[in-house]
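Everything on this sheet refers to the single structure shown next.
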Amino acid sequence: TTGDVTLDVGFGNTAACRSAITYIDGDAGILRYRGYPIEQLAEHSTFLETSYLVLYGELPTAAQLAEFTERISTHHLLDERLKEMFRLFPRRSHPMPVLAAGINALSTFAMPPVSLEEKTLEQQTYRLMAQVPTLAAYGYKNSLGLPTLYPDESLGYIENFLRMSFGVPSRPYEIDDTIVRALDVLLILHADHEQNCSTSTVRMVGSSGANLYLSVAAGVSALSGPLHGGANQAVIEMLQQMRDTGESVATFVQKVKDKKSGVKLMGFGHRIYKNFDPRAQIVKRHADAILRERPGHDELLDLALALEEAARSDDYFTERKLYPNVDFYTGLIYQAMGFPSNMFTVLFTIGRLPGWIAHWREQSLDPATKIGRPRQVYTGVVQRDYVPSDQR
Ligand code: SDX
């Protein structure tokens, strides 16, 4: 049940570490959190229950989940001085650097900033799980010039986040259970993914002894790139550009294959999954269910389905083992929920948070951990003597 998996150490594929959190078999399309298949968790679990599993290694009892939920729901509030921070950013700021700044700022309130003492570690875990959604909602509201809403402890984790994001003081916020369940599932699907770029970043920064907040903030920066978590925003912009210009699927696919323009089929391809991304299949089912009920949103879904169909029957993509990844359909659902495309990677961040925290804890609590120090292949000039400037 546990085996040593040795990774070839080559460029882009470094044998990073040993971990007991997530197992991926890229050829078989297997993804398991602490041994539980992602398909079963997406169907039966909730994001907070899955977060507990990823963080502590076991599915919680009802009492453990109730205490975990209570601890988080009572930590959503931010220090009032932190709220002022959002006014410093231009209205058009991308929410990912704003979120990274907010999480870095949280570390200034953590006393002691770095401690592996159980009580402090638990407190920092709850505070991050609770306050990142608040930071995300406050950054979004601030970008719209709208008033922020204080968290409501009586609401569930997802409901509270949606209300802080879309609610306004002048009227009650109506919870849409379909949207809540869809976001719950999407966050479950993003909770962890072993040594992806951002999680490896969190581990690398944490290996120096940097505290949990600063390590997670570095993960936010890594996730923001369009080749990683930023892909969900890039997919929607790709579909909107095709819709608005009337560019056909065949023309776009040919442009990708020509490679001249550097245009990629965003939301396709994966370093590990070489047949299918099990998460993409689950997202696609939810996208179909939600978008068919919401007129106007299914136009981009039909375009996405046509793109997938064209790619699946084209050797360029099948020979390179390029299939939809988790980002291909998620943006369609986020957009149907009412989020603008620049918020999609923020939602990815909220989902990935328990995974980042779990990896930081796993590494920091392991006495055998050493500071990360990758080596390189030196390709520069081997040696030469100094030349005075008047002889250059
Ligand atoms: C995530 O690692 C994780 O687990 C990440 C993630 C997670 O949960 O943390 O799963 C989340 O980041 C998903 C990936 C989201 N990114 C995108 O959708 C961006 C588009 N995809 C690509 O940029 C690419 O597929 C990557 C970055 C995802 C993977 O890149 P690799 O493994 O380095 O593959 P590669 O760039 O070496 O490509 C191999 C070949 C190349 O062609 P050739 O040079 O052999 O002719 O496939 C081509 C590439 O040009 N290719 C694509 C393509 N992806 C790869 N061609 C067109 N469109 C694409 N999307």
query = Taking segment 113-134 only, how many residues are closer than 18 Å to Leu78 by Cα and outside any helix (DSSP H, G or I)?
reply = 1
note = Considering segment 309-342, residues that are surrounded by 24 or more Cβ atoms within 10 Å (Cβ to Cβ) and aliphatic (A, V, I, L, M), and then whichever is nearest to His286 (Cα to Cα), we arrive at Ile333
message = For a quick check of your reading of the model, give me the residue pairs whose first member lies in segment 328-339 and is in contact (Cβ under 8 Å) with a residue 40 or more places away in the chain, whose second is open to solvent by 10 Å² or more (accessible area, probe 1.4 Å) and in a helix (DSSP H, G or I), with beta-carbon atoms closer than 7 Å and at least 6 apart or on different chains.
response = Tyr329/Lys284; Gly331/Gln233; Gly331/Ser341; Ile333/His286; Gln335/Ser341; Met337/Ile179; Gly338/Phe166
note = How many residues of segment 323-339 are more than 19 Å from Gly167 (Cβ to Cβ) and among the small types (Gly, Ala, Ser)? The answer is 1
Residues of segment 214-233 classified as near the ligand (Cβ under 8 Å from one of its atoms) and free of Cβ contacts under 8 Å to residues at least 60 places away in the same chain, total = 3
query = What is the residue count in segment 201-213 for residues that are surrounded by fewer than 24 Cβ atoms within 10 Å (Cβ to Cβ), touching a residue at least 40 places away in the same chain (Cβ under 8 Å) and among the aliphatic types (A, V, I, L, M)?
reply = 2
request  = Any residue in segment 142-154 that's of a type in the set (Gly, Ala, Ser): show its pairings with residues that are part of a helix (DSSP H, G or I) and modelled with pLDDT of 95 or more at Cβ separation under 9 Å, as long as the two are six or more apart or on different chains.
outcome  = Ser143/Pro95; Ser143/Val98; Ser143/Asn342; Ser143/Met343; Ser154/Ser73; Ser154/Asn160
query = Can you spot a residue in segment 70-81 that is under 18 Å from Tyr213 (Cβ atoms) and without any contact (Cβ under 8 Å) to a residue 40 or more places away in the chain?
reply = yes
remark   = Going through segment 84-97 in order, the residues found to be touching a residue at least 24 places away in the same chain (Cβ under 8 Å) and either in contact with a strand residue (DSSP E or B) (Cβ under 8 Å, 6 or more places away or on another chain) or open to solvent by less than 40 Å² (accessible area, probe 1.4 Å) (or both) are Phe86, Ser93, Pro95, Met96
query = In segment 214-248, how many are over 14 Å from Met266 (Cα atoms), open to solvent by less than 20 Å² (accessible area, probe 1.4 Å) and over 17 Å from the mean Cα position of the chain (by Cα)?
reply = 0
ask   = Which condition number does Ala100 fail, the rest of (1) touching a residue at least 40 places away in the same chain (Cβ under 8 Å); (2) surrounded by 15 or more Cβ atoms within 10 Å (Cβ to Cβ); (3) closer than 23 Å to Thr50 by Cβ being met?
value = (3)
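The values are calculated or read from the model by the stated rules, or taken from the named source; none is laboratory data. Here the structure is a predicted model, which is why all the values come from computation and not from measurement. Counting neighbours? That spans all protein chains shown, and the Cβs are built from the backbone with ideal geometry, glycine included. Note: areas computed on protein heavy atoms with side chains; ligands, DNA, RNA excluded. Shrake-Rupley method; radii C 1.70, N 1.55, O 1.52, S 1.80 Å.
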